[in-house]
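Report on the structure given below.
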Amino acid sequence: MKLTRISPSQIGMLGKCGEQYRRRYVEGEILAPGIAQIRGRSTHATNEKNLIHKLETGVLLPLDEVRQLAAESVDAALAGEFVLDGDYEEVGLTAARGMVKDEVISLSTLHATQLAPLAEPEAIELKVEVPPSDVLPVTLVGVIDLIDRSRGVRDTKTAQKSPNADAAHNSDQLTTYDLLHRAHKKSPPAGLGLDHLIRTPKKGELRVVSQETSRTIEDLGVFVRRANAAVRSIESEVFLPAPQDHWACSLKWCGFASTCPYFRGRPRPTT
Ligand code: SF4
């Protein structure tokens, strides 16, 4: 198989599970999103519209409009196919619909009141294509969520608890954003970091945790070597399944598990 393009998310999936990659990108099986994914995507879409408005007009959208956009985004996602997963499965469909809408509205409001006022957007959802070269023989394609004039490259996450202290330092996604920024702008970003929008599941407490980091040329070299290994693996059609005890190899975290020949499907007996 000859590969011409690769994205950071493809490299990430291949690193987690080759079989998952094969089913998604070779067989073309696209799974319906889980509600937890819908929560992240709808919050992301609402925040993005607010920041685009700021980029174009200099001001943020009114809060009422942000909440309305959040609710509409969830309604649109739930009008399509989706999977009732994770904690949402336990409460049932009707309650899950209300839960996810409340969560997206509160997380989008948190972003609009605490993060968006600080933002000085220079580019939003910037697609970057790095052409093939001696360094990587295929086109690397990625999308940088936000380039901020003073805070640099940012990625916003939604979560139900505080992140690990080293989440930004270990983020492969930020490494690729740094590389894409250098390729596009011919310079490193002014800053690099994650902004976590957190809403606790039981009490609905809201907070923002921001983490700053940076990348060296050696960090980028590691990413490029991993990308080359991914290209060789795909072109050789070698797709190793995840280890059986990998956290992602489960019905909860892998949508292919119920039909995967490499999935154990039942716990080991205890003695
Ligand atoms: S069930 Fe496990 S081996 Fe199968 S695709 Fe999912 S993660 Fe990979």
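The values are calculated or read from the model by the stated rules, or taken from the named source; none is laboratory data. Everything numeric in this text was worked out from a predicted model, so none of it was measured. Because the Cβ atoms are built from the backbone with ideal geometry, glycine has one as well, and the counts that use them run over all protein chains shown.
Out of the residues in the stretch 225-258 meeting the condition of being modelled with pLDDT of 95 or more and of a type in the set (Ser, Thr, Tyr), tell me which one is farthest from the ligand (Cβ to nearest atom).
SER236
In the stretch 229-252, which residues are part of a loop (DSSP other than H, G, I, E, B) and touching a Gly at 6+ places or on another chain (Cβ under 9 Å)? Even if it seems obvious, please write down each step before you answer.
The first filter runs over the stretch 229-252 and keeps only residues part of a loop (DSSP other than H, G, I, E, B), leaving 236-252.
Correct list: VAL238, PHE239, LEU240, PRO241, ALA242, LEU251, LYS252.
Are any of the residues in the stretch 214-226 acidic (Asp, Glu) and in contact with a Ser or Thr (Cβ under 7 Å, 6 or more places away or on another chain)?
yes
Restricting to the stretch 144-177, give me the number of residues that are out of contact with any strand residue (DSSP E or B) (no Cβ under 8 Å at 6 or more places or on another chain) and among the hydroxyl-bearing types (Ser, Thr, Tyr).
2
How many residues does the stretch 15-37 hold that are buried (at least 20 other Cβ atoms within 10 Å of the Cβ), more than 11 Å from the ligand (Cβ to nearest atom) and modelled with pLDDT of 95 or more?
0
Looking at the structure I just gave you, is ALA70 among the small types (Gly, Ala, Ser), touching a residue at least 40 places away in the same chain (Cβ under 8 Å) and either within 16 Å of the ligand (Cβ to nearest atom) or part of a helix (DSSP H, G or I) (or both)? Show your work before the answer.
Numbers: among the small types (Gly, Ala, Ser): yes; touching a residue at least 40 places away in the same chain (Cβ under 8 Å): no; either within 16 Å of the ligand (Cβ to nearest atom) or part of a helix (DSSP H, G or I) (or both): yes.
So ALA70 fails the test.
Quick check on the stretch 1-13: of everything there that is more than 11 Å from the ligand (Cβ to nearest atom) and not in a loop (DSSP other than H, G, I, E, B), which residue is farthest from the chain's Cα centre (by Cα)?
Step one: filter the stretch 1-13 for residues more than 11 Å from the ligand (Cβ to nearest atom), giving 1-12.
Adding the requirement that they be not in a loop (DSSP other than H, G, I, E, B) leaves 5-6, 8-12.
Numbers: ARG5: 19, ILE6: 16, PRO8: 11, SER9: 8, GLN10: 12, ILE11: 13, GLY12: 11 Å.
Per the stated criteria, the residue is ARG5.
Taking the criterion of being in a loop (DSSP other than H, G, I, E, B) and in contact (Cβ under 8 Å) with a residue 60 or more places away in the chain, would at least one residue in the stretch 85-94 satisfy it? Break it down into steps so the answer makes sense when it comes.
Kept after step one, since they are in a loop (DSSP other than H, G, I, E, B), are these residues of the stretch 85-94: 85, 92.
Checking which are in contact (Cβ under 8 Å) with a residue 60 or more places away in the chain leaves us with 85.
Within the stretch 85-94 (the criterion being in a loop (DSSP other than H, G, I, E, B) and in contact (Cβ under 8 Å) with a residue 60 or more places away in the chain), the answer is yes, since at least one residue qualifies.
Let me spell it out: the conditions are (1) in contact with a Pro (Cβ under 8 Å, 6 or more places away or on another chain); (2) within 16 Å of the ligand (Cβ to nearest atom), and GLN211 meets all of them except one. Which number is the exception?
It fails just one condition, (2).
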